[in-house]
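Single-structure report; data block below.
The values are calculated or read from the model by the stated rules, or taken from the named source; none is laboratory data. Not measured: the values here are computed from a predicted model. For neighbour counting, all protein chains shown are included, and Cβ atoms are generated from backbone atoms with ideal geometry for every residue, glycine included.
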Amino acid sequence: MEKLTNGESCPSRSNLASAPSGINATLQVLTGKWKIAILWRLMKGRVRFGELRRSIPGVSQHMLTSQLRELEMDGVVSRAVYPEVPPRVEYTLTEHGASLGQVLKTLAEWGEIHHRRQMDGPGPS
């Protein structure tokens, strides 16, 4: 157990074994440097690979491809390839992936509150 600044103990980040299985399943899908940014962009609708890459500053082509493949294997992203020259590839959320929308919005809201608290400095909890 790690100690918090107020002296309380907290579980280490590596000790997720005691977390509820739903949390572990969710983290299995969402863990990845770019996955939440990808899902957030796909919440707006279908997008081509190049447009997706341009909308996420700092992501490399290799990493975006890798993260999209993982999200596709998890059943939250769908990839459509059109037989055109040049080939057109579009990504969209599956119905299952779209169900993450409210989860991501809630995370974003929590993040905004947390950021404001951090900027205001420590205070009562």
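Taken over segment 79-90, the criterion of being touching a strand residue (DSSP E or B) at 6+ places or on another chain (Cβ under 8 Å) and in a loop (DSSP other than H, G, I, E, B) is satisfied by Pro87 alone. Within segment 34-78, the set of residues being part of a loop (DSSP other than H, G, I, E, B) and of a type in the set (Asp, Glu) comprises just one member, Asp74.
Checked against (1) buried (at least 17 other Cβ atoms within 10 Å of the Cβ); (2) over 14 Å from the mean Cα position of the chain (by Cα), Pro57 passes all but a single condition, namely (1).
State yes or no: is Leu107 out of contact with any Leu (no Cβ under 6 Å at 6 or more places or on another chain) and either assigned to a loop (DSSP other than H, G, I, E, B) or touching a residue at least 40 places away in the same chain (Cβ under 8 Å) (or both)?
The answer is yes for Leu107.
The set of residues in segment 82-101 being at pLDDT 95 or above and either among the aromatic types (Phe, Trp, Tyr) or surrounded by fewer than 14 Cβ atoms within 10 Å (Cβ to Cβ) (or both) consists of Tyr91, Glu95, His96, Ser99.
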